[in-house]
Amino acid sequence: METGPDNPVNDHIKRPCEITGQKGLLRVETAIYRIITMVFFLIGRIPPETVEKMAGWLGRVWFMTDRRHREVAIENLRHVFGREKSPAAIRILARRVFCHLVLVVFEIGRMLHFRETDFLKNFRVSGLSHLRAAHKKGRGVLVLTGHMGNWELLVMCVAILGYPISAIYRPMDFKPLDRFFKDLRSRFGARMYAKKTAMRPILSGLRKKELIGILLDQNASARAGVFVDFFGKPASTNAGLALIALYTEAPVVPIFLIREGGRFVVTIGPEIPLIRTGDRAADVAANTRQYNQVLEEMIRRYPEQWFWVHRRWKTRPTGAAS
């Protein structure tokens, strides 16, 4: 009997092997997921005063050893604050950014131990009237946010406030870690939608008067973005939020989770007015520019709490210097 690649017998041999391999991979991923969860759970047991010291020490070590991200952060900070701060001050600020990012990891572990009753002890809400007014319009609410403060806990906090909320995210390549963060964000009832297939759930959610959270502060590809000013330099910014707002007329409200004085503050800003002139391309650019201005304001207020290690201006307009 022939046993070449086209022989159907080979298919029957391969299929059980493939199924067995998939099950084995799934078991490994599940085991890694449980280990990740346990590590974060144990991190959450560390006393807050010890966490502050550990985050400071680990952040400084990371800053000294990770040359690539250190240079990205310093270059970004130099672009924004170069006329206001000395090189030494910028370097100090960059080091504080690394310490903040380490602290975010510890705080995620701490939140695994939180119940809804712990919310009032550790969180304060500022500007809730803005969200209430926007939600009363009955079109749902588009939440503008970014990688500020502890963004990983924001969706969870808004869900605890009693609003139905969904968020758009980009799945991680490492599946066990992606599963952990998806479970974390949806812990108190929030829904998570992968970016590539999110449009239909977004429109459906808005019809149901849900809040839809969208992170808008990272570099977008030239195909998905529109070039608008961000800290005085054209930045490719995802056009999705403006397009959805123009299509649905759902109000856009900025919400951030900021760390202040040992507590978290859910900072809610006023609704951002929709610009509509009839010129679709111009309207998308004008509204997206407004969103960037809101992000700029928050970043200037809390510069050490933004994700400066990201290459925000990576995508350049055609003909511009990289």
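The values are calculated or read from the model by the stated rules, or taken from the named source; none is laboratory data. Source: prediction; values computed, not measured. Don't worry about glycine lacking a Cβ; one is built from the backbone with ideal geometry, like all the others, and counts go over all protein chains shown.
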Tell me the residue from 60, 96 that is touching a residue at least 24 places away in the same chain (Cβ under 8 Å) and either within 20 Å of the chain's Cα centre (by Cα) or surrounded by 18 or more Cβ atoms within 10 Å (Cβ to Cβ) (or both), please.
96
I need a count of the residues in the stretch 241-266 that are within 18 Å of the chain's Cα centre (by Cα) and under 23 Å from residue 156 (Cα atoms).
12
Only one of 85, 23 is at pLDDT below 95, out of contact with any strand residue (DSSP E or B) (no Cβ under 8 Å at 6 or more places or on another chain) and not β-branched (Val, Ile, Thr), namely 23
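Return the residues of the stretch 42-64 that are in a helix (DSSP H, G or I) and hydrophobic (A, V, I, L, M, F, W, C); say none if nothing qualifies. Please lay out each step first, then the result.
Taking the stretch 42-64 first, the residues in a helix (DSSP H, G or I) are 42-43, 48-64.
Residues satisfying the conditions are 42, 43, 51, 54, 55, 57, 58, 61, 62, 63, 64.
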Do any strands (runs of 3 or more DSSP E) entirely within the stretch 126-243 hold 3 or more residues that are β-branched (Val, Ile, Thr), out of contact with any Ser or Thr (no Cβ under 6 Å at 6 or more places or on another chain) and in contact (Cβ under 8 Å) with a residue 24 or more places away in the chain, and if so, which?
141-145
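Select, from 159, 222, 190, the only residue that is in contact with a Gly (Cβ under 7 Å, 6 or more places away or on another chain) and either acidic (Asp, Glu) or farther than 21 Å from residue 294 by Cβ (or both).
159
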Is there a residue being farther than 14 Å from residue 268 by Cβ and either surrounded by fewer than 17 Cβ atoms within 10 Å (Cβ to Cβ) or of a type in the set (Gly, Ala, Ser) (or both) anywhere in the stretch 147-155?
no
